[in-house]
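Written out below as structure tokens is the structure these notes cover.
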There are 2 protein chains.
Amino acid sequence: MRNIKLVIQYDGSRYKGWQRLGKSEMTIQTKIENVLSKMTDEKVEIIGSGRTDSGVHALAQVANFKTKDEKSVDEMMEYLNKYLPDDIAIKQVVEVHERFHARYNVVSKTYMYRIWNGRVQNPFLRKHVSHVIGKIDINAMKHAATYLIGEHDYASYRDVKAKKKSSIRTIYEIEIAQEEEGITIMIRGNGFLHKMVRIIVGTLLEVGLGRMKSEEVEHILQQKDRALAGPTAQAKGLFLYSVEY
Amino acid sequence: MRNIKLVIQYDGSRYKGWQRLGKSEMTIQTKIENVLSKMTDEKVEIIGSGRTDSGVHALAQVANFKTKDEKSVDEMMEYLNKYLPDDIAIKQVVEVHERFHARYNVVSKTYMYRIWNGRVQNPFLRKHVSHVIGKIDINAMKHAATYLIGEHDYASYRDVKAKKKSSIRTIYEIEIAQEEEGITIMIRGNGFLHKMVRIIVGTLLEVGLGRMKSEEVEHILQQKDRALAGPTAQAKGLFLYSVEY
């Protein structure tokens, strides 16, 4: 069997997230598996680096699948982009070692969160940014973010319905940049709990908007109580930026 | 009567263009006039700097209207952005001299055309760029563009169904820039004929793709025959960038 790795870009606006979901056609995984099954005449299952939630986007999601198909990777790429809807793009198709596993082999992941801080929403970015009105103190956010760096128990910063036992993760880096009316937050870590990035962003925004002090971010971390953190930031501003192996 | 000037940004994807069109609700002008009429309790008509076609966008369309309404310009801006759909944004509301006329007073207009030249379409820009595959020779396009600068009869570069008598216009500047997979063409002139920017772009692309020589652009200009020019580039890549008064 050949092992094929895909790098995938998608506008998640229309979708119920990455993960196959019963009979729903509206997940990214299902859309890609359907085209791959047609292409190979096999029942293809793809393994993603991880899920992305409903409405979340990806600049470079990674997945792999096994196949007996003999097409060249170039032919596969042409085929996929021809039959996939235009909000899903296959940026790369590479044949990899049989042991490569898109989920198990992840070393770290980088997420990007985009905020539009203009007085008026930007009609062109409206589906790919969260519009936050009001003066945002970027330096307070940067300071608050330092408390989240390192290995911590992020129980306060994950969805209350989360099922995984351990909520210990490591965040390597949080970068916050402002350019005119746009604010971009980059977060790199060894793994993320359900809704963790969006709850972190929602909490940092509380700090930026002056509703919470920077130091509270550390206090919340210690309390291991989701109720203390800020609101979950909107899905539409979140992008899976890259997956490192 | 007060004379109010609006600066308007819109994603034209869903609309049949700027201009009011019988009873259709799906023009930008109609959407704005409806909200203004509700706001002022008057029958408001707005004057745009000019039309934009179906599917064409604007970063800074300009319009003006007369009203007896006494709201502050700030209140008007809040009201408009609250009730307009999120693909139309009012960026500025200013009270101007009674003689200001958004169409008659135009000195020049700048259009931007965006091309995505990647092998694969960009899912996030797909509604705001024209996807052109193949190697594009930017220098050939730049050379071709020089023939179009100045005062000319652009009869070859306008829609065959155009009705205006004179097809003489002046183009002051054409700038073509390439950044990674994106190509941006900026065109500034004292006025543009129907579909003129898109036919110019379509023709420059023929040159860029090696299907036409740079010099033909001048020959086509001299022949005053629309059939000789290149195809009309897609509406979705075109933006009214600014209007100069």
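The values are calculated or read from the model by the stated rules, or taken from the named source; none is laboratory data. As the structure is a prediction and not an experimental result, all values here were calculated from the model. Note that each Cβ is placed from the backbone with ideal geometry, even for glycine, and that neighbours are counted across all protein chains shown. Accessible surface areas use protein heavy atoms only, side chains included; no ligands, DNA or RNA. Shrake-Rupley method; radii C 1.70, N 1.55, O 1.52, S 1.80 Å.
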Nearest-10 value in Å² for the accessible area of B:LEU209, using the 1.4 Å probe
50 Å²
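Between chains A and B, what is the buried accessible area in Å², counting both sides, with a 1.4 Å probe and ligands, DNA and RNA left out, to the nearest 100?
Details: alone 12700 and 12700 Å², together 23390 Å².
Summing both sides, the interface buries roughly 2000 Å².
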Cα gyration tensor category, rounded, prolate or oblate, for segment A:95-155 with a/c compared to 1.5
oblate
Between B:THR146 and B:ARG14, Cβ-based FRET efficiency (R0 35 Å, step 0.05) works out to 0.40
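Rounding to the nearest 20 debye, state how big the charge dipole of segment B:104-231 is about its Cα centre with +1 on each Lys and Arg Cβ and -1 on each Asp and Glu Cβ.
Values: 20 positive and 14 negative charges, 143 e Å.
Approximately 680 debye in magnitude.
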Ascending list, in nanometres, of distances separating the A:PRO231 label from those of the other copies (7 Å, Cα toward Cβ):
4.6
Per its Cα gyration tensor (rounded if a/c is under 1.5, else prolate when a/b beats b/c, else oblate), chain B is best filed as prolate
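How big is the Rg/Rh ratio for segment A:39-102, C-alpha atoms only, Rh by Kirkwood, two decimals?
Numbers: Rg = 12.4 Å, Rh = 13.1 Å.
Here the Rg-to-Rh quotient is 0.94.
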The answer for the protein assembly as shown, accessible area per residue at 1.4 Å probe in Å², is 48 Å²
Around B:ALA144 (Cβ within 11 Å, Cβ-to-Cβ, excluding B:ALA144; K/R +1, D/E -1) the net charge comes to -3
Choose one answer from A:LYS142, A:LYS43, A:LYS224: the residue with the largest mean-square fluctuation in a GNM of chain A with alpha-carbon springs under 10 Å.
A:LYS43
Looking at segment A:62-106, residues buried by 40 Å² or more relative to their chain on its own, accessible surface at probe 1.4 Å, turn out to be A:MET77, A:ASP86, A:LYS91
Pop a pseudo-label 7 angstrom from the Cα along the beta-carbon direction at both A:ASP159 and B:GLU75 and give the gap in nm to one decimal.
4.5 nm
Cross-link candidates for A:LYS68: which lysines have Cα within less than 29 Å, leaving aside residues fewer than 8 places away along the same chain?
A:LYS5, A:LYS23, A:LYS31, A:LYS38, A:LYS43, A:LYS82, A:LYS91
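Given a Förster distance of 25 Å, report the FRET efficiency between A:GLU215 and A:MET186 from their Cβ-Cβ distance, rounded to the nearest 0.05.
Values: r = 23 Å, r/R0 = 0.91.
Efficiency, from the Cβ-Cβ distance: 0.65.
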Extending each Cα 7 Å along its Cβ direction at A:LYS43 and A:GLU175, get the distance between those two points in nm, one decimal.
4.4 nm
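In terms of the Cα gyration tensor, with a ≥ b ≥ c the square roots of its eigenvalues, is segment A:1-127 rounded because a/c is under 1.5, prolate because a/b exceeds b/c, or oblate?
Numbers: a/c = 2.04, a/b = 1.72, b/c = 1.18.
Prolate, since a/c reaches 1.5 and a/b exceeds b/c.
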Taking the alpha-carbon centre of each part, the distance from segment A:167-223 to segment B:63-138 in Å is 34 Å
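For chain A, with all protein chains present and a 1.4 Å probe, just round the carbon and sulfur fraction of the accessible area to a whole percent. Spell out each step's value before the answer.
Numbers: 5530 of 11700 Å².
Accessible surface attributable to carbon and sulfur in chain A totals 47 percent.
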Dipole of chain A, positive direction: furthest Cα of A:LEU36, A:TYR245, A:TYR111, with charges on the beta-carbon:
A:LEU36
Output the residues of segment B:109-139 meeting this criterion: accessible area (heavy atoms, 1.4 Å probe) in the chain alone minus accessible area with all protein chains in place is 40 Å² or greater.
B:ARG119, B:VAL120, B:PRO123, B:PHE124, B:ARG126
Quick one: in segment A:162-245, what % of C-alpha pairs are over 22 Å apart?
25 percent
What does the helix-only formula give at 222 nm for chain B: each DSSP H stretch with n ≥ 4 adding -39500 (n - 2.57), the total divided by the residues, and the result rounded to the nearest 500 deg cm²/dmol?
-6500 deg cm²/dmol
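Can you give the % of DSSP beta bridges in chain B that are antiparallel, to the nearest 5? Let's see the in-between values first.
Values: 44 of 48 bridges.
Of all bridge pairs located within chain B, approximately 90 percent are antiparallel.
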On alpha-carbon atoms, Rg over Rh for the protein assembly as shown using Kirkwood Rh?
1.02
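Over segment A:139-204, what is the relative contact order in percent, taking alpha-carbon pairs closer than 8 angstrom and at least six residues apart?
Working: 87 pairs, mean separation 22.5, N = 66.
About 34 percent, as a whole number.
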For B:GLU70, which inter-copy label distances result when the label point lies 7 Å beyond Cα on the Cα-to-Cβ vector, reported in nm to one decimal and in ascending order?
8.5
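Evaluate E = 1/(1 + (r/R0)^6) for B:TYR104 and B:ASN139, where r is the Cβ-Cβ distance and R0 equals 35 Å; express this FRET efficiency to the nearest 0.05.
The calculated FRET efficiency here is 0.35.
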